[in-house]
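**Q** Below: one structure in structure tokens.
Here, each number is a calculation from the coordinates, and none is a lab measurement. Values in this document were obtained by computation on a predicted structure and should not be read as measured data. So basically every Cβ, Gly included, is an ideal-geometry build from the backbone, and we count neighbours across all protein chains shown.
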Amino acid sequence: MATLELDSITKTFQDGDEEIVAVDDVSLSIDDGEFLVVVGPSGCGKSTTLRMVAGLETITSGTLSIDNRVVNDVKSQDRDIAMVFQSYALYPHMSVRQNMSFGLEESTDLPDDEINRMVSETGEMLGISNLLDRKPSDLSGGQQQRVALGRAIVRDPEVFLMDEPLSNLDAKLRAEMRTELQRLQNDLGVTTVYVTHDQTEAMTMGDRIAILDGGELQQVATPLECYHEPTNQFVASFLGEPSMNFFDVTLEGDRLVGEVFEYSIDESVQSDLGGVTDLRLGIRPEAVELVDEGGEHAFETTVDVVEPMGDENTVYLHFDPDADPETAATLVATIDGFNRVSEGDTVTARVPEDAIHVFDRATGEALH
Ligand code: ATP
């Protein structure tokens, strides 16, 4: 097992005359045995970051250390890492057993029967013992992914690197494998960096998550910290489904004033805002309550669309019943599935003061 340290890592690619900064000055420390999920939208630099750690991509500047040893110039095969890809990357002409033993045969002097024992043991751990003599083409996608995992596990590496390993699986299998991967990682205690664009995987699997956008690290913290205390508007809107609602507000004296929302704020919130007056209010859909009567922070809205999800309903609310639904400001709310509201209903909604987030409108930085 090992620690992993990225210190001011930058990667640029040259595309003709244009320089593409794929990863921009990223610093990260990953603890021994930690499960770190790197997440972000397409093109944010996740795979490039992982490929630099793997030694598959050179590092333009910065220092990469595994267990306090600088490995910038160490070849991939000498880094003691094992990688699992989205594409599985199994050798089609080899049996499952051969796929799993190949790496060990190449990189160690272990006797055949020892390698066989290790493969069998790993096969058992992953529930694929009965598949060891098959070819990859005779396996389902889920089984192939287990073999790819098995191949990584059997090498007993210091670090696992996983690049969207579950994204080719159907939703049910993906959910199953999520749990299984977590259990395996817990049992094996191997430091793991896991890349995904899927926020559910990030929220459920990571000890911590690192959120990238445009090659820059936005936040690294536990999933709940990122969700409840996002550092900026990007993180706030990236995590959470449906996404956080945003409304422009202005600080006027001790009040946040917008077209619909108005909150008086106490001194501690005012000091958080640091004199910035052009602000953006952030409201998570689950922070919106439907109430029977008006009162503080309550307002009338019209139900535009209801999406029943079973245990919950996603409700799209409009503030002005006469407004054009295409362009009207919308507040998305997540409410209990038993709460029956219908399209066209007038309902009273409320957003409690302690549930609001406030961002600097110009920079997106979270202020409160
Ligand atoms: P995705 O989720 O779509 O795989 P990603 O977050 O993994 O995206 P990267 O593949 O790391 O993103 O790419 C980051 C940026 O670097 C993108 O703008 C991409 O086009 C660019 N890039 C990646 N590899 C190369 C390359 N070999 N040459 C030029 N540009 C590249």
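**Q** For the stretch 229-368, build the charge dipole from Cβ charges (+1 Lys, Arg; -1 Asp, Glu) around the Cα centre, then report which of 349, 275, 364 sits farthest towards its positive end.
**A** Sorting the options by dipole projection puts first 364.
**Q** Explain nothing, just the number: dipole magnitude of the stretch 52-108 about its Cα centre with +1 on each Lys and Arg Cβ and -1 on each Asp and Glu Cβ, in debye rounded to the nearest 20. Provide the component values of the computation, followed by the final result.
**A** On the way: 4 positive and 7 negative charges, 23 e Å.
With Lys and Arg at +1 and Asp and Glu at -1, about 120 debye.
**Q** Let me ask another. Quick check for me: using +1 on Lys/Arg Cβ and -1 on Asp/Glu Cβ, what's the dipole size of the stretch 83-204 about its Cα centre, in debye to the nearest 20?
**A** Numbers: 11 positive and 20 negative charges, 87 e Å.
That gives the stretch 83-204 a dipole magnitude of about 420 debye.
**Q** Which of 70, 53, 23 ends up with the largest GNM mean-square fluctuation for the chain, with Cα atoms connected below 10 Å?
**A** Residue with maximal mean-square fluctuation among 70, 53, 23: 70.
**Q** Out of the DSSP beta bridges found with both residues in the stretch 102-219, what percent are antiparallel (nearest 5)?
**A** Numbers: 3 of 8 bridges.
Roughly 40 percent of the beta bridges in the stretch 102-219 run antiparallel, per DSSP.
**Q** So what's the angle, to the nearest 10 degrees on a 0 to 90 scale, between helix 171-188 and the longest Cα principal axis of the chain?
**A** 60 degrees
**Q** Next up: Select from 33, 74, 44 the residue farthest towards the positive end of the dipole of the stretch 28-129; place +1 on Cβ of Lys and Arg, -1 on Cβ of Asp and Glu, and compute about the Cα centre.
**A** 44
**Q** Relative to the present Cα-Cα distance, how much length would full extension add between residue 330 and residue 74 at 0.36 nm per residue of separation? Write down the numbers at each step before the final one.
**A** Numbers: separation 256, 0.36 × 256 = 92.16 nm, distance 5.30 nm.
Difference between extended and current length: 86.9 nm.
**Q** In sequence order, what are the phi-derived ³J(HN,Hα) couplings for the stretch 254-265 according to the Karplus relation 6.51 cos²θ - 1.76 cosθ + 1.60 with θ = phi - 60°, rounded to whole Hz, with x for glycine and proline?
**A** With coefficients 6.51, -1.76 and 1.60, one gets 10, 10, 9, 10, x, 5, 10, 9, 8, 10, 8, 10 Hz.
**Q** Turning to a different aspect of this structure: Which aspartates and glutamates have a Cα lying under 15 Å from the Cα of residue 11, excluding residues fewer than 8 positions away in the same chain?
**A** Cross-link targets: 19, 24, 25, 57, 73, 213, 216.
**Q** List the GluC sites (Glu not before Pro) within the stretch 196-280 that DSSP assigns to loop and that have no more than 14 neighbouring Cβ atoms inside 10 Å. Can you show the working numbers first?
**A** On the way: sites: 201, 216, 225, 252, 259, 262, 267; in loops: 259.
Sites meeting the loop and neighbour criteria: 259.
**Q** So how tilted is helix 141-154 from the main axis of the chain? Cα-based, degrees 0 to 90, rounded to 10.
**A** 60 degrees
**Q** Top mean-square fluctuation among 195, 220, 306, Gaussian network model of the chain, C-alpha springs under 10 Å?
**A** Its mean-square fluctuation being the largest, the pick is 306.
**Q** Fully extended, how many nm does the chain gain between residue 286 and residue 257 (0.36 nm per residue separation, minus their Cα-Cα distance)?
**A** On the way: separation 29, 0.36 × 29 = 10.44 nm, distance 2.19 nm.
Answer, rounded to one decimal: 8.3 nm.
**Q** Calculate the dipole size of the chain relative to its Cα centre from +1 charges on Lys and Arg beta carbons and -1 charges on Asp and Glu beta carbons; express the result in debye to the nearest 20.
**A** Details: 24 positive and 72 negative charges, 369 e Å.
Dipole size: approximately 1780 debye.
**Q** Based only on other Cβ atoms within 10 Å, what is the fewest-to-most ordering of 135, 172? Walk me through the intermediate numbers first.
**A** On the way: 135 16, 172 9.
By the 10 Å Cβ count, ascending: 172, 135.
**Q** While we're looking at this one, here's another question. Could the peptides 320-332, 35-47 be put in order, highest first, of the mean number of other beta-carbon atoms found within 10 Å of their residues? It would help to have the intermediate numbers written out before the result.
**A** Values: 320-332: 12.7, 35-47: 21.8.
So the order, starting with the most tightly packed, is 35-47, 320-332.
**Q** Go through the stretch 267-351 and name the trypsin sites (Lys or Arg not before Pro) that are in a DSSP coil and have 13 or fewer other Cβ atoms within 10 Å of their Cβ. Intermediate values should be presented prior to the final figure.
**A** Values: sites: 280, 340, 350; in loops: 340.
Counting only loop positions with at most 13 other Cβ atoms within 10 Å, the trypsin sites (Lys or Arg not before Pro) in the stretch 267-351 are 340.
**Q** Set Lys and Arg Cβ to +1 and Asp and Glu Cβ to -1, take the dipole of the stretch 159-288 about its Cα centre, and tell me which of 159, 242, 196 lies farthest positive.
**A** Towards the positive end, the residue furthest out is 159.
**Q** If you don't mind, there's one more thing I want to ask. Test of understanding: in a Gaussian network model of the chain with alpha carbons linked when under 10 Å, which of 108, 334, 314 would top the mean-square fluctuation ranking?
**A** Sorting by GNM fluctuation, first place goes to 108.
**Q** Considering only C-alpha atoms, what is the centroid distance from the stretch 75-141 to the stretch 16-61, in Å?
**A** So the two Cα centres are separated by 27 Å.
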